[in-house]
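Where a number appears in this text, it was derived from the coordinates with a stated rule and is not lab data. Quick caveat: nothing in here was measured; it's all calculated off a predicted structure. Here the Cβ positions follow ideal geometry from the backbone for every residue, glycine too, while neighbour counts run over all protein chains shown.
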Amino acid sequence: MSRELLGTVMVSRVGGVLTAGRVVETEAYLGESDPGCHAVAGRTKRTWHLFDAAGAAYIYFTYGMHWCTCAVTEREGWGSAVLIRALEPLAGIPVMYRRRGPAATHDRLLASGPARLSVALGLDGALDGAPITRGALVFRAGTPVPDADVAITGRIGFSAKNPARDWPLRWVLRDNPWTSRGA
DNA sequence: ACGCGGATGGCCT
DNA sequence: GGCCATCCGCGTA
């Protein structure tokens, strides 16, 4: 699913305002058997919607200040999801600047990171568990991405002792300026 | 162009 | 008490 979401267009309508971006970077989280997945702790209040059926949003709070947005990908109770890590801004760019504040000094800083794009699209706990097939947050088909343009790497942000640190579960568009690490 | 540390709070041990 | 699926600003070069 991480591969399929590359190139799709993530569209939000929050506060009556439409913003959208092309997905250029994703990460997979593989349920309770994945030491890097929030599902390892079981279904708690925080991770409740991670265990929903495919088609729900899982939007979680981390580091005391950031929201990050995932698409749940498997059956009810499975706990698997795809974290959206970066977007190429397509629509509502002035709104994204307003939401992101003074730190966004360039288009490339609007949505190049999971917390950044969540702010840019107005996504937070209010949409945790919302459907991603209709409503305030949806994914629409975009131009298909050929395999030659896709790179697979380890996931970002893991501590050194996490055994899943180097699992190849990050999908990113090659040489794309909108990703979370420049390329 | 890098690297580092502080912010900030919920959740697990 | 410690750990985060992060981001930002400041330091050195």
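Does A:TYR58 count as more than 20 Å from A:ALA164 (Cα to Cα), of a type in the set (Phe, Trp, Tyr) and away from DNA strand B (no atom under 11 Å from the Cβ)? Considered against the rule, which asks whether it is more than 20 Å from A:ALA164 (Cα to Cα), of a type in the set (Phe, Trp, Tyr) and away from DNA strand B (no atom under 11 Å from the Cβ), A:TYR58 comes out as yes. One residue stands out among those in the range A:139-181 that are closer than 27 Å to A:VAL40 by Cα and among the β-branched types (Val, Ile, Thr): the one that is surrounded by the most Cβ atoms within 10 Å (Cβ to Cβ), which is A:VAL172. Residues in the range A:38-55 that are in a loop (DSSP other than H, G, I, E, B) and under 16 Å from the mean Cα position of the chain (by Cα) were compared, and the one that is surrounded by the most Cβ atoms within 10 Å (Cβ to Cβ) is A:THR47.
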